[in-house]
There are 2 protein chains.
Amino acid sequence: MNDALQPANSILEREIRQQPEVIARLIAQPQFAQVAAALRAADPRYIVLAARGSSDNAARYAQYLFGIHLGLPVALAAPSISTLYQSPPRYRNAAVIGVSQSGQATDVLQVLRDAAAQGALTIAITNAPDSPMAQQADYHLALHAGLERSIAATKTYTAQLAAFALLTAHLAENSGLFDDLRRLPTFIAHALEIAPVLAARAERFRFMSHCVVLGRGYNYATAFEIALKIKELTYVIAEPYSSADFRHGPKAMIEEDFPVIAIMPDGAALPDMLALVRDLRERRADLTVISANRTALEAAHLPVPMPQGVPEWLSPIVAVVAGQLLALHIAAVKGNALDAPRSLTKITQTR
Amino acid sequence: MNDALQPANSILEREIRQQPEVIARLIAQPQFAQVAAALRAADPRYIVLAARGSSDNAARYAQYLFGIHLGLPVALAAPSISTLYQSPPRYRNAAVIGVSQSGQATDVLQVLRDAAAQGALTIAITNAPDSPMAQQADYHLALHAGLERSIAATKTYTAQLAAFALLTAHLAENSGLFDDLRRLPTFIAHALEIAPVLAARAERFRFMSHCVVLGRGYNYATAFEIALKIKELTYVIAEPYSSADFRHGPKAMIEEDFPVIAIMPDGAALPDMLALVRDLRERRADLTVISANRTALEAAHLPVPMPQGVPEWLSPIVAVVAGQLLALHIAAVKGNALDAPRSLTKITQTR
């Protein structure tokens, strides 16, 4: 293998490995209490989240966090309503949060501007305090992840999730949630220990041309993000689904040896995922299972064990690490450039 | 070919052909004015839409309709927040609309129940007036589509879109929108005339194993629905994207001969779609283009011309017909059962 294509020489692997320290740094930031206080004072009826790409997957996670812990409904913005149709919705009694690693997403910025012009509370979550989004919003939550140089987002994605989790803990004023958060860097460090297993087994995916990635509830977001990493890095078609949506039609695609990656942390979504995986096993699908649950792992052709004891609400920040490593090692096996996938640039401008 | 697999003998084709009359019947219904009045009186800050499968794609269309014509933000519900996590969000100042062909979706019904218990206005859109959802909601909008016997939804999908369009026209009190709606059955009838072309050319997809389906703005929903029809009927992996999201990572998958289906009606989303299609053409992707625009059609390996003069806001109800026919004929070429795809049932229960 060309040295440049070795995972160990890639910026991507380095950034994946930085995640425990990035998250530890983020949860020590004092800014979240202040933003939570502003949100509490605004008492929004619902939250609008605007984002693209990986940041949109972080927004998907926030929909579950805010719904389950805070009873707050979340609308994922369709930015083109503002940018293409010039008809920004009325954000009465809403708070609007824009998410972007670079803080430069033009369409997301437009949503923040529309909301501000209407007097709605606006918050930006970015890794770039000098960026237009950070400057535009009433409040900026900085990710402090350090410069992300690899095109595929990894540490800024988990930092975005952790930022939403921290904001939730502050809004819920629940000390149990803070206890959970303090254990998060260690959980991520344990998840990284699976790397040698994935490096050794990634060759089995050498000729994979497509797969589906399944997750549910909190880990619906993880299915989307792992599928995105696989597409970006391995160029393999990877379709994300919730186990519920999957039964509404797409299940018809499954035949013998169809590759399925299932994200199955312990928690409320596990029984439904187990039922689906049992069904897929009977249809002789090829199963990769990311889980701490023994029954789930035993059903897999490639079991990817995760650390024990991760609370379900934080499991997306741990489980995605396995998917990042899986995508990295499949890309290496396929001989793809790891830090700069074809056709992509770090900052994508869309309107 | 086995007679049972002939498109002309299928219930599916019959139901696709019924669409002009189904839509003509629906737009003559008086019930929409009353529901619009109730919604206007409630003056919701935002709308929550709950649905699964094809109905969820109809909800995606409604997000653009309500946003652009009414300035009303839309949140697509995550039903598992209620069903798996038993933490229904607080629907303060919201109106909640549940959409289901059968009216029997347990998880969507639960969202309607939660909303009603909190005093929010609830509306059900179904094809089954005696169904639990129709009975539960404050208001029921019946689709009057006649029994849908084929497992793949076609006429109930376009009827759901038309129901949202009608509701929008009543809420906007805009006579121009009603003029547009009256021409809709004729537009759909013209779109059906493409059937012989698709029947003749479908063999080119005999060995297609995967594709992406691209649409934007109003037709983001169409991309999802055509991809779903392809998955259900042809068992081919079909991934839907907006042209914007596609540039944020998935574009890396595109290589020579990668099959792309682009939905490109005239309107605000066309320039962005044209730019993307030009780029994909340079990368030598295989292009199927559903459009009335000559430049768009000329870029295609398989041009699928649509009727001229369709207003963009109604184009999803016309363009999807081409996708239904395409999926039908590819399924026939592959020798698949047309009315009862493998692994699926007409009513899917998820929680």
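Restricting attention to the stretch A:46-61, does a residue exist that is more than 14 Å from chain B (Cβ to nearest Cβ) and part of a helix (DSSP H, G or I)? Checking the stretch A:46-61: not a single residue is more than 14 Å from chain B (Cβ to nearest Cβ) and part of a helix (DSSP H, G or I). What are the pairs with Cβ atoms under 6 angstrom where one residue, in the stretch A:249-266, is within 12 Å of A:Ala223 (Cβ to Cβ) and the other, located anywhere, is part of a strand (DSSP E or B) and open to solvent by 10 Å² or more (accessible area, probe 1.4 Å)? Sequence gap at least six, or different chains. Close Cβ pairs satisfying both conditions: none exist. If I filter the stretch A:238-254 for residues that are more than 30 Å from A:Leu338 (Cα to Cα), among the basic types (Lys, Arg) and either touching a Ser or Thr at 6+ places or on another chain (Cβ under 8 Å) or open to solvent by 10 Å² or more (accessible area, probe 1.4 Å) (or both), do I get at least one hit? Yes, the stretch A:238-254 contains at least one residue that is more than 30 Å from A:Leu338 (Cα to Cα), among the basic types (Lys, Arg) and either touching a Ser or Thr at 6+ places or on another chain (Cβ under 8 Å) or open to solvent by 10 Å² or more (accessible area, probe 1.4 Å) (or both). Against the test of being more than 21 Å from the chain's Cα centre (by Cα) and either closer than 26 Å to A:Tyr220 by Cβ or facing chain B (nearest Cβ under 7 Å) (or both), the options A:Ala115, A:Ala105 yield a single qualifying residue, A:Ala115. Scanning the stretch B:101-119 for residues that are at pLDDT 95 or above and open to solvent by less than 10 Å² (accessible area, probe 1.4 Å) returns B:Gly103, B:Val108, B:Val111, B:Leu112, B:Ala115.
Out of the helices (runs of 4 or more DSSP H) lying entirely within the stretch B:114-221, which hold 3 or more residues that are outside the structural domain of B:Ile237 (by TED's automatic domain parsing)?
Numbers: elements: B:132-136, B:155-172, B:175-192, B:195-201.
Filter on the stretch B:114-221 gives B:132-136, B:155-172, B:175-192.
Are any of the residues in the stretch A:153-173 of a type in the set (Gly, Ala, Ser), farther than 25 Å from A:Gly309 by Cα and either touching a Gly at 6+ places or on another chain (Cβ under 7 Å) or at pLDDT 95 or above (or both)? Yes, some residue in the stretch A:153-173 is of a type in the set (Gly, Ala, Ser), farther than 25 Å from A:Gly309 by Cα and either touching a Gly at 6+ places or on another chain (Cβ under 7 Å) or at pLDDT 95 or above (or both). For the stretch A:300-328, the set of residues classified as open to solvent by 20 Å² or more (accessible area, probe 1.4 Å) and more than 12 Å from A:Pro265 (Cβ to Cβ) consists of A:His301, A:Pro303, listed by residue number. Has the stretch A:79-88 got at least one residue that is within 7 Å of chain B (Cβ to nearest Cβ) and touching a residue at least 24 places away in the same chain (Cβ under 8 Å)? Scanning the stretch A:79-88, I find at least one residue that is within 7 Å of chain B (Cβ to nearest Cβ) and touching a residue at least 24 places away in the same chain (Cβ under 8 Å), so the answer is yes. Residue by residue through the stretch A:228-269, note down the ones that are facing another protein chain (nearest Cβ under 7 Å) and closer than 26 Å to A:Ile68 by Cβ. Selection gives A:Leu228, A:Glu239, A:Ala244, A:Asp245, A:Arg247, A:His248, A:Pro250, A:Ala268, A:Ala269.
Regarding B:Leu177, is this residue modelled with pLDDT of 95 or more, of a type in the set (A, V, I, L, M, F, W, C) and surrounded by fewer than 24 Cβ atoms within 10 Å (Cβ to Cβ)? Talk me through it step by step, then tell me what you get.
Working: modelled with pLDDT of 95 or more: yes; of a type in the set (A, V, I, L, M, F, W, C): yes; surrounded by fewer than 24 Cβ atoms within 10 Å (Cβ to Cβ): yes.
It is true that B:Leu177 is modelled with pLDDT of 95 or more, of a type in the set (A, V, I, L, M, F, W, C) and surrounded by fewer than 24 Cβ atoms within 10 Å (Cβ to Cβ).
Within the stretch A:307-351, the set of residues being assigned to a loop (DSSP other than H, G, I, E, B) and within 15 Å of A:Pro185 (Cα to Cα) comprises A:Pro307, A:Gln308, A:Gly309, A:Val310, A:Pro311.
Considering the stretch A:134-147 alone, what residues qualify as being over 16 Å from A:Phe32 (Cα atoms) and either open to solvent by less than 10 Å² (accessible area, probe 1.4 Å) or touching a strand residue (DSSP E or B) at 6+ places or on another chain (Cβ under 8 Å) (or both)? Correct list: A:Gln136 only. A:Ala58 satisfies every condition listed in (1) free of Cβ contacts under 8 Å to residues at least 24 places away in the same chain; (2) under 21 Å from A:Asp138 (Cβ atoms) except (1).
The values are calculated or read from the model by the stated rules, or taken from the named source; none is laboratory data. All values reported here derive from a predicted model rather than from experimental measurement. FYI the Cβ positions are ideal-geometry reconstructions off the backbone, even for glycines, and counts take in every protein chain you see. Note: areas computed on protein heavy atoms with side chains; ligands, DNA, RNA excluded. Shrake-Rupley method; radii C 1.70, N 1.55, O 1.52, S 1.80 Å.
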